[in-house]
Structure formats: structure tokens, C-alpha cells
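The block underneath contains the structure these notes are about, expressed in C-alpha cells.
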Amino acid sequence: PFCGRASLSKMARDSKNSKPFTVFVEGNVGSGKTTFLKHFAALDNIVTLTEPVDRWRNVRGQNFLDLMYTDPSRWGITFQTYVQLTMLDLHTKAVESPVKMMERSIFSARYCFVENLHQSGLMPEPDFIALDEWFNWIVKNHDISGNLIIYLRTSPEVVHKRMMARARTEESCVPLEYLEKLHQLHENWLFHRTSFSCPAPVVVIDANQDLSLMSAEFSNCEAKIADALA
Ligand code: DGT
């Protein structure tokens, strides 16, 4: 299900001339993004940038992630402003490698998470407008472009089970319904392509399978990218 070898080779070649070939790994909470990135971290030519979730959990002693889950109407704007900043930091980070792979992007923060808070009526209109103005300014004034999106496609029931199993404290009260809404936003954006524009071509991977089967698929992708860079 990965891109053809020829097109990847060309992409990797192009990246040597200018900025790195940039991959965004996207998918619902618990879809396996971290595991996916770990497989690629072992390759010489790839830099993987994991999502700064630990930074969100301790901003000068404040847990923004927990605040957002506890009272989204009050703290959603605070959390999403900080997410936007940390994502911009990753997008603009200079790397030496020809391939840069990011866990999520500023796009999914805006198109899935902010959108969900707004659509659910949990983000007051002025908060949403301020964030969106910032987002539009960033898109216009910074190079945050990508070359490929890998969409780890899952069902909400599967990721809900995984989320409960990993038992991250902040996520203990997250209902299935929240994951269903996020799922639909990812689907409309990356699969049906009926909502926001995609910032790069999308490769869809079935990420519902259990981890042992997934690792075979991940290794397969890894081999193809390595091949392309050879
Ligand atoms: P993985 O490896 O696929 O299991 O990925 P996770 O679940 O570790 O990472 P992710 O990005 O799906 O989410 C980490 C936590 O942060 C999760 O509770 C959802 C939350 N989160 C991530 N980005 C945003 C965002 O932009 N807005 C909101 N409201 N929550 C976010």
C-alpha cells in the first residue's frame, strides 16, 4: 500500500537538492504513530520527530493536556495555542537528513482537533477565530509544507481499546464518542477528501491489525524508503 518505488526514488532525489523530503504520520489517537516512527528512527537517512506530548504535559509545571481534557471550554484555546507553537517548531526545525518524518502536523491539530472542539461547541467562537487567524498567518508566512502523508487508518473501537490499555492518566475519561468524532474528521480530510485540502499526497495504511502484524507492514515501508534513498 506504499507509494511506488520509482516515485519514492524521485522524491528522495528531489529532497537532496533543497529541503528534506518531509513525511507527516497522521491518524487517530492510539493509531500506532509512535510505533510507526520507531521503525523509521533506525534508518540513517531519516530523522523522526515525535509529537511533543511531554512538553504539553509540563509547561513550566502546568499540565496543558490534562487541563484541556478536564475543562475544554476553558483551556482548549490555551492547549491548542501551545500545540500550534510546538508543531510550528517541528515544521521549521532544520535537519541534516534527506528525509524528515514528523508525528502529526500543524494541519491535523487545526483540521481535526481544533475543528472538533469548535464543532462540538466546546470552543467559544472568539477563541476559535484567534487560533484560526494564527493558523492562517503561519500557513502564509512559513514553509510548513510536506511531501507525503502516511495515514494510519483505524476504527474508533480499536483505538479506544488501545487507549484504555495504555492508561495515560489524562486520557482515562475520554469516551468512545470523542474518538469517533476525531475519526470522522481524519476520514473526511485524508480518506474521502471532502473537507480541508490535503497538504501532500496520502498513503493509507490499515492500522487496525494487532501490533505484530503491523510491524511487518512498517518494516515493509521502511525497506521501500531505504531503497529509495540508496
Ligand atoms: P499513537 O502513537 O498513534 O498512539 O499516538 P498518540 O495517541 O500517543 O498521540 P496523539 O497525537 O494521537 O495524541 C496524544 C494525546 O494528545 C492524545 O490524548 C490526544 C492529544 N492531542 C494531540 N494533538 C492534539 C491537538 O491538537 N488537540 C487536542 N485537543 N488534543 C491533541
Could you size up the charge dipole of the range 119-230 around its Cα centre, putting +1 on the beta carbon of Lys and Arg and -1 on that of Asp and Glu, and report it in debye to the nearest 20? 200 debye
Most positive-pole-ward Cα, Leu49, Tyr151, Tyr111, against dipole of the chain from beta carbon charges: Leu49
Of the residues His186, Thr22, Thr34, the Cα lying farthest along the dipole of the chain towards its positive end, which is defined by charges on the beta carbon of Lys, Arg, Asp and Glu, belongs to Thr22
Taking the alpha-carbon centre of each part, the distance from the range 96-127 to the range 22-48 in Å is 17 Å
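Taking Cα pairs under 8 Å and at least six residues apart, what relative contact order does the chain come out at, in percent? Show your work: numbers first, answer last.
Details: 314 pairs, mean separation 75.0, N = 230.
Relative contact order of the chain: 33 percent.
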Evaluate the charge dipole of the range 51-144 about its Cα centre and quote only its size in Debye, nearest 20, assuming +1 on the Cβ of each Lys and Arg and -1 on the Cβ of each Asp and Glu. 180 debye
Once you've got the Cα coordinates, tell me which of Lys100/Lys161; Lys161/Lys181; Lys93/Lys161; Lys33/Lys93; Lys93/Lys140; Lys100/Lys140 are over 26 Å apart. Lys100/Lys161; Lys93/Lys161
Over the chain: helical MRE at 222 nm, DSSP H runs n ≥ 4 each giving -39500 (n - 2.57), nearest 500: -15500 deg cm²/dmol
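Inverting the mean 1/r over all pairs of different Cα atoms, compute the Kirkwood radius of the chain and quote it in Å. Show your work: numbers first, answer last.
Values: mean 1/r = 0.0549 Å⁻¹.
About 18.2 Å for the chain.
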In the chain, with Lys and Arg counted as +1 and Asp and Glu as -1 at Cβ, which of these residues, Ala200, Ser120, Ala130, has the Cα nearest the positive end of the dipole, that is, farthest along it? Ala200
Relative to the longest principal axis of the C-alpha atoms of the chain, give the angle of the C-alpha long axis of helix 125-141, reported between 0 and 90° and rounded to the nearest 10°. 20 degrees
For the chain, with only Lys/Arg (+1) and Asp/Glu (-1) charged at the beta-carbon, what is the dipole magnitude about the Cα centre, in debye rounded to 20? 580 debye
Taking a straight Cα-to-Cα line shorter than 13 Å from Lys19, and setting aside same-chain aspartates and glutamates fewer than 8 residues away, one finds Glu96, Asp143
Global geometry of the range 54-191, whether rounded, prolate or oblate, following the gyration tensor of its Cα atoms and the 1.5 cut on a/c: rounded
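Bear in mind these aren't lab numbers, they're just calculated from the coordinates by the rules spelled out. Note that the structure is predicted; figures quoted are calculated from it, not measured. Don't worry about glycine lacking a Cβ; one is built from the backbone with ideal geometry, like all the others, and counts go over all protein chains shown.
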